[in-house]
Amino acid sequence: MPSQRLPLELENGRTVDRQFEDVPPFHEVDPRDVLARGKAIWQSAREEAVYLEHMHAYHDMLRRCYRINQVNHHKECRDDAIQYLRYLERYNQMDFSYLQKE
């Protein structure tokens, strides 16, 4: 679920609408099938690139919030920081559940 503060399209208005076929993960592919292995590797690389771009976007959003709010960033940027940590938690299997609001 993207944040309300993240831009939905690029600053120049360009959006990319590409569709790729969904293939099984790399560990489920027959090692002798070179074509399937190549597709699985490319799919994994695309997923990692998307993840990294989302992380950069969340990080920039958090950095902007810190710079705008400076002294009050603990209170004003808490929701953004929790959202950033939830995204980390989902993809890196880290546990940040102790940061939930009371």
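Points to keep in mind about this one:
- Taking Lys and Arg as +1 and Asp and Glu as -1, the other residues whose beta-carbon sits under 12 Å from that of Asp95 total +1.
- Once all protein chains are placed together, Phe20 keeps about 120 Å² accessible to a 1.4 angstrom probe.
- Sequence of Val50, Val71, Val34 when ordered by accessible area, the most exposed leading, probe 1.4 angstrom: Val71, Val34, Val50
- At the residue level, Asp80 shows approximately 10 square angstrom of accessible surface with a 1.4 angstrom probe and all protein chains present.
- Gain on full extension, evaluated as 0.36 nm per residue between Arg64 and His27 minus their Cα-Cα distance, stands at 9.4 nm.
- Average Cα contact separation per residue, the stretch 37-102, under 8 Å, 6 or more apart, as relative contact order %: 23 percent
- Two-decimal log10 I(q)/I(0) for the stretch 27-96, as the Debye equation yields it once each C-alpha is a single scatterer, q = 0.20, 0.21, 0.25, 0.27 Å⁻¹: -0.85, -0.89, -1.04, -1.10
- Counting 0.36 nm for each residue step from Ser97 to Ile82 and taking away their Cα separation leaves a gain of 4.4 nm.
- Taking each residue as 0.36 nm, the span from Arg90 to Phe20 lengthens on full extension beyond its C-alpha to C-alpha distance by 22.9 nm.
The values are calculated or read from the model by the stated rules, or taken from the named source; none is laboratory data. Please read all numbers here as calculations on a predicted model, not as lab measurements. Please note: Cβ atoms are built from the backbone with ideal geometry, for glycine as well, and neighbour counts cover all protein chains shown. Accessible surface is based on the protein model in full, side chains and every heavy atom, while ligands, DNA and RNA are left aside. Shrake-Rupley method; radii C 1.70, N 1.55, O 1.52, S 1.80 Å.
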